[in-house]
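Engineer: The structure is given below, and queries will be raised subsequently.
The values are calculated or read from the model by the stated rules, or taken from the named source; none is laboratory data. All of these numbers come straight from a predicted model, not from anything done at the bench. Using ideal geometry, Cβ is built from the backbone for each residue, glycine included, and neighbour counts are taken over all protein chains shown.
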Amino acid sequence: MKTIKERDREVIWHPYTPMKAWPEAIAIVKGEGVWLIDEDGDRYLDAISSWWVSLHGHAHPYIAQKVSEQVGTLEHCIFAGFTHEPAVRLAERLLEILPGEMRKIFYSDNGSTAVEVAIKMSLQYWKNKGIKKKKLVALQNAYHGDTFGAMAVSGRSVFTEAFTDFLFDVVFIPFPGRGNSSESISALEAVLQQGDVAAFIVEPLVQGSAGMCMYDPDVLDTYFRLCQQYNTHIIADEVMTGFGRTGPLFACNQVQAAPDIVCLSKGLTGGTMPLGVTACTQDIFDAFYDEDRSKMLYHGHSFTANPTICAAALASLDLLLEDSCTESRKRIINAHKEFALSVSDHKAIADVRQTGTILAIELNTDTPSYHSGLRDVVYRFFLGKKIIMRPLGNIIYILPPYCISNYELQYIYACIKELLESVVSS
Ligand SMILES: Cc1ncc(COP(=O)(O)O)c(C=O)c1O
C-alpha cells in the first residue's frame with residue numbers, strides 16, 4: 001500500500017514549495033498540543049504554530065468539543081439576508097476587546113481576504129463620500145497576503161515578481177529600522193500632505209514575512225497620529241500579531257492612537273479553521289449605509305461567517321481570555337528574553353530581536369535574502385531535531401503555541417545553540 005506522502009506526490013501541488021527541489025511532504029496524521037505526529041510515528045515540535053495560526057496547540061479538546069456541537073446543530077448557512085448566534089456572539093465579543101472604536105465586523109475567509117475587504121472599504125468610503133482619495137500607502141517589504149489587492153499593498157519582492165505588471169500602484173515608505181524611523185515618518189508625512197491618500201496599511205510592530213522585522217510602538221503611534229491629522233484611514237493588519245502574539249491581545253494595544261480598520265485571521269479560531277475578520281469604525285460603516293444600492297459594499301464569500309468556524313473562534317477566545325493563557329504568554333516572553341541575552345554576542349548572529357512571544361535571530365551570512373543558501377540547511381537541521389522551523393531566508397524565529405512547556409522551549413533553545421556552533425565551525 002502506498003504511503004500518504006507517496007500518494008501526495010502524485011496529486012498535490014503545495015503552497016510556497018519548489019515542487020522539483022522538495023518533492024516529499026511529511027504526512028501528519030495527528031496533532032497533540034505543540035506536537036505534530038507523522039505516519040511513521042515521528043513527533044515534530046511545531047515551533048512556528050503551523051504558519052503562525054495555532055494559539056493553544058493542535059487538536060485542543062475544548063475547541064474540538066465546541067466545533068462538534070455546532071456542526072451537529074447548524075454547520076453552515078447563507079449569510080446574506082440570514083444570520084446566526086455564533087456570528088453575532090463572536091462579533092459582540094471581538095468588538096469588546098479590539099483596540100480603538102471598532103463598531104462593525106465584516107467576515108471573510110482568511111488573512112488575504114480580510115485585507116482585500118479593508119482596502120475595498122477604504123477606497124469605496126471615499127468614493128461614496130465624493131472625495132477624491134485614491135492613493136494607498138504601505139511600508140516597504142510589507143506582506144499582506146497573496147490575492148491581488150493584498151499583493152499590491154505588499155512590498156515588491158520575489159513573492160510578487162511574476163505579477164508586478166498587474167498590481168495597482170502603491171506608495172511605499174521606508175521601514176522604520178534602527179536609526180531611520182525619522183526618515184520613515186517624514187516619508188509618510190510627505191505623501192499624506194498631498195491630500196489624496198485613502199489609507200495607510202501596516203503590520204503593527206512586527207513585519208512577519210519580511211523576516212520578523214520589528215519597530216517601536218512610538219513610531220506606530222506617530223504614523224497613526226499623522227494619518228488622523230491628514231484624514232487618512234489607518235488599516236492595522238493584525239493577521240499575524242493579533243491574539244496575544246506581541247504580549248497584549250493586539251499589537252495596537254501598545255499605542256495610544258487607534259486604527260480605523262483592523263484585519264484579523266490566523267489565531268482568530270485558535271488556528272483550527274480559516275476565518276477572516278475586517279473590523280471598522282461607525283464612521284466607515286455609515287458611509288455605506290444608504291438607500292442608494294450602488295453605495296453598498298459589493299463583497300462576500302460563500303462561506304462568510306460559517307457557524308462551525310465561528311464556534312471554533314468563540315472557543316478559542318474562551319481559552320485566550322483565561323488568566324492561565326496570559327500567564328503562559330508571560331512565561332514564554334521571559335524565557336525568550338533570557339535566551340536572547342545568552343546568545344546575543346554569538347559570532348554566528350547578526351541580530352536578535354523580540355516582540356512579545358515572537359523571537360527572531362538573524363544569522364550572519366553573505367547572502368542575507370529570502371533565497372539565502374543557509375535557509376535550506378537550517379530548515380533541514382531543525383527537521384533532523386524534529387522541530388518545525390521555517391527560516392525566512394537567514395532569519396530563524398520561534399512563534400510557538402502558548403501551551404508550549406518550559407522543557408519544550410529549552411529544547412528549541414538548545415538546538416538553536418547547537419546550530420549556531422555548527423554555523424561558526426563550518
Ligand atoms: C500580516 C499578514 N497579513 C495577511 C496575511 C495573509 O493571510 P492568509 O495566509 O490567511 O491569506 C498574512 C499571512 O502570513 C500576514 O502575515
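Engineer: Does Leu90 satisfy being of a type in the set (A, V, I, L, M), assigned to a helix (DSSP H, G or I), touching a strand residue (DSSP E or B) at 6+ places or on another chain (Cβ under 9 Å) and closer than 16 Å to Phe285 by Cβ?
Structural biologist: no
Engineer: Criterion first (without any contact (Cβ under 8 Å) to a residue 24 or more places away in the chain and part of a helix (DSSP H, G or I)) does Ala312 satisfy it?
Structural biologist: no
Engineer: Next question, about the same structure. Residues in region 104-141 that are under 21 Å from Pro248 (Cβ atoms) and in contact with a Ser or Thr (Cβ under 6 Å, 6 or more places away or on another chain): how many?
Structural biologist: Summing the residues that are under 21 Å from Pro248 (Cβ atoms) and in contact with a Ser or Thr (Cβ under 6 Å, 6 or more places away or on another chain) in region 104-141 gives 2.
Engineer: Is it the case that some residue within region 54-77 is in the same structural domain as Tyr413 (by TED's automatic domain parsing) and within 16 Å of the ligand (Cβ to nearest atom)?
Structural biologist: Among the residues of region 54-77, at least one is in the same structural domain as Tyr413 (by TED's automatic domain parsing) and within 16 Å of the ligand (Cβ to nearest atom), which makes the answer yes.
Engineer: Answer yes if at least one residue in region 26-43 is in a helix (DSSP H, G or I) and touching a residue at least 24 places away in the same chain (Cβ under 8 Å), and no otherwise.
Structural biologist: No, region 26-43 contains no residue that is in a helix (DSSP H, G or I) and touching a residue at least 24 places away in the same chain (Cβ under 8 Å).
To keep it simple, each residue is scored yes or no on (1) over 25 Å from Leu94 (Cα atoms); (2) crowded, with 20+ Cβ neighbours inside 10 Å.
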residue	(1), (2)
Tyr298	no, no
Ile309	no, yes
Ala315	no, yes
Glu322	no, no
Lys330	no, no
Lys337	yes, no
Ser342	yes, no
Asp345	yes, no
Ile349	yes, no
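Engineer: Name the single residue, out of those in region 252-283 being touching a Lys or Arg at 6+ places or on another chain (Cβ under 8 Å) and within 16 Å of the ligand (Cβ to nearest atom), that is farthest from Lys104 (Cα to Cα).
Structural biologist: Of everything passing the filter in region 252-283, Gly267 is farthest from Lys104 (Cα to Cα).
Engineer: Between Ala258, Ala279, which is more than 15 Å from Asp221 (Cβ to Cβ) and of a type in the set (A, V, I, L, M)?
Structural biologist: That would be Ala279, the only listed residue that is more than 15 Å from Asp221 (Cβ to Cβ) and of a type in the set (A, V, I, L, M).
Engineer: Given the condition closer than 22 Å to Lys330 by Cβ, touching a residue at least 24 places away in the same chain (Cβ under 8 Å) and among the hydroxyl-bearing types (Ser, Thr, Tyr), answer yes or no: does some residue in region 235-254 qualify?
Structural biologist: Looking through region 235-254, at least one residue is closer than 22 Å to Lys330 by Cβ, touching a residue at least 24 places away in the same chain (Cβ under 8 Å) and among the hydroxyl-bearing types (Ser, Thr, Tyr).
Engineer: Sticking with this one: Given region 93-205, what strands (runs of 3 or more DSSP E) lie entirely inside it while holding 2 or more residues that are away from the ligand (no atom under 13 Å from the Cβ) and of a type in the set (Val, Ile, Thr)?
Structural biologist: 171-173
Engineer: Please find, within region 367-393, the residue that is surrounded by the most Cβ atoms within 10 Å (Cβ to Cβ) out of those that are farther than 28 Å from Gly31 by Cα and either touching a helix residue (DSSP H, G or I) at 6+ places or on another chain (Cβ under 6 Å) or in contact (Cβ under 8 Å) with a residue 12 or more places away in the chain (or both).
Structural biologist: Once the filter is applied, the top-ranked residue is Leu374.
Engineer: Which residues, counting only those in region 110-123, are within 14 Å of Gly300 (Cβ to Cβ) and surrounded by 18 or more Cβ atoms within 10 Å (Cβ to Cβ)?
Structural biologist: Thr113, Ala114, Glu116, Val117, Met121
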